[in-house]
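Novice: Here it is, the structure in full.
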Amino acid sequence: MRKNAREAVFKITFATLFHDDCTAAFRSATYRQEKLNEEDREYAEKLFAVISARREELSACIAERVERFADYRIYAVDKAIMLVALAEIKYFDDIPPVVSVSEAAALAKKYSTENSADFVNGVLGGVINQ
């Protein structure tokens, strides 16, 4: 299920915000923890590869949309969630952008602050409505 794959990639992306080196062993352990099947593992690896290759571009996109916050003031959890969603929005044509935004808001509700879902939804909504 892609929902679980997104959650796994979010966790991996969050970890990379603090430590650049993300080993295959760490990713595999995260996929096992999330109980991903082979198809979801492939999707997660593809999604993580895009985030890794395009991280500066995706981060710049977030910074463009966040007028009142410097990048360092955005919660790392929220940033990781938005990086995952933006990678899907920009590079996965088979996923409707509203699905990526909705999944991102759900992750923010689960892992971040009370106001984070609205913040994430607003930033990503700005991207898809530009």
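Novice: Mind ordering 77-87, 99-109, 21-31 by average Cβ neighbours within 10 Å, highest first? Walk me through the numbers on the way to the answer.
Specialist: Numbers: 77-87: 26.4, 99-109: 20.4, 21-31: 13.5.
Sorting 77-87, 99-109, 21-31 by mean packing, highest first, produces 77-87, 99-109, 21-31.
Novice: Moving to a separate point now. Rounded to a whole number, what is D in µm²/s for the chain from Stokes-Einstein with the Kirkwood radius over alpha-carbon pairs (10 °C, 1.306 mPa s)?
Specialist: Values: Rh = 14.5 Å.
It diffuses with D of about 109 µm²/s by this estimate.
Novice: Would you report the distance distribution of C-alpha pairs in segment 1-78 as whole percents per 10 angstrom bin, up to the bin with the largest distance?
Specialist: 18, 47, 27, 8, 0
Novice: Using alpha carbons only, how many degrees (0 to 90, rounded to 10) separate the axis of helix 24-33 from the longest principal axis of the chain?
Specialist: Between helix and principal axis, roughly 90 degrees.
Novice: Okay, next question. In nm, to one decimal, how far is the modelled label at Val98 from the one at Phe26, with both set 7 Å along Cα→Cβ?
Specialist: For the pair Val98/Phe26, the computed spacing is 3.6 nm.
Novice: Also, I was wondering about something else. Where the only charges are on Cβ atoms (+1 Lys, Arg; -1 Asp, Glu), what is the dipole of segment 1-109 about its Cα centre, to the nearest 20 debye? Don't skip to the answer; put the middle values down first.
Specialist: On the way: 17 positive and 19 negative charges, 71 e Å.
With Lys and Arg at +1 and Asp and Glu at -1, about 340 debye.
Novice: What pairs from Lys35/Lys90; Lys35/Lys79; Lys90/Lys110; Lys3/Lys109; Lys46/Lys110; Lys11/Lys35 go past 19 Å between their alpha carbons? Could you put the intermediate results ahead of the total?
Specialist: Values: Lys35/Lys90 27 Å; Lys35/Lys79 24 Å; Lys90/Lys110 24 Å; Lys3/Lys109 14 Å; Lys46/Lys110 24 Å; Lys11/Lys35 14 Å.
From the list (Lys35/Lys90; Lys35/Lys79; Lys90/Lys110; Lys3/Lys109; Lys46/Lys110; Lys11/Lys35), the Cα-Cα distance tops 19 Å for Lys35/Lys90; Lys35/Lys79; Lys90/Lys110; Lys46/Lys110.
Novice: How far, in degrees from 0 to 90, does helix 97-111 lean away from the longest principal axis of the Cα atoms of the chain, to the nearest 10?
Specialist: Approximately 80 degrees, to the nearest 10.
Novice: With everything on Cα atoms, drop me the angle between helix 76-91 and the longest principal axis of the chain, reported from 0 to 90° to the nearest 10.
Specialist: It works out to around 80 degrees.
Novice: If I model a spin label at Ala106 and Leu17 as a point 7 Å from the Cα along the Cα→Cβ vector, what separation in nanometres do I get?
Specialist: It is 2.1 nm.
Novice: Further question on the same structure: State the percentage of accessible surface on the chain attributable to carbon and sulfur atoms; use a 1.4 Å probe and exclude ligands, DNA and RNA.
Specialist: On the way: 3530 of 7230 Å².
Ligands and nucleic acids excluded, carbon and sulfur give 49 percent.
Novice: Next question. What is the calculated FRET efficiency for Glu114 to Ala63, with r their C-beta to C-beta distance and R₀ = 22 Å, to the nearest 0.05? Please list the in-between numbers first.
Specialist: Numbers: r = 24 Å, r/R0 = 1.07.
Calculated transfer efficiency: 0.40.
The values are calculated or read from the model by the stated rules, or taken from the named source; none is laboratory data. Keep in mind the model is a prediction, meaning the values are calculated, not measured. All Cβ positions, glycine included, derive from the backbone under ideal geometry; neighbour counts span all protein chains shown. Ligands, DNA and RNA are excluded from the accessible area calculation, which covers all protein heavy atoms including side chains. Shrake-Rupley method; radii C 1.70, N 1.55, O 1.52, S 1.80 Å.
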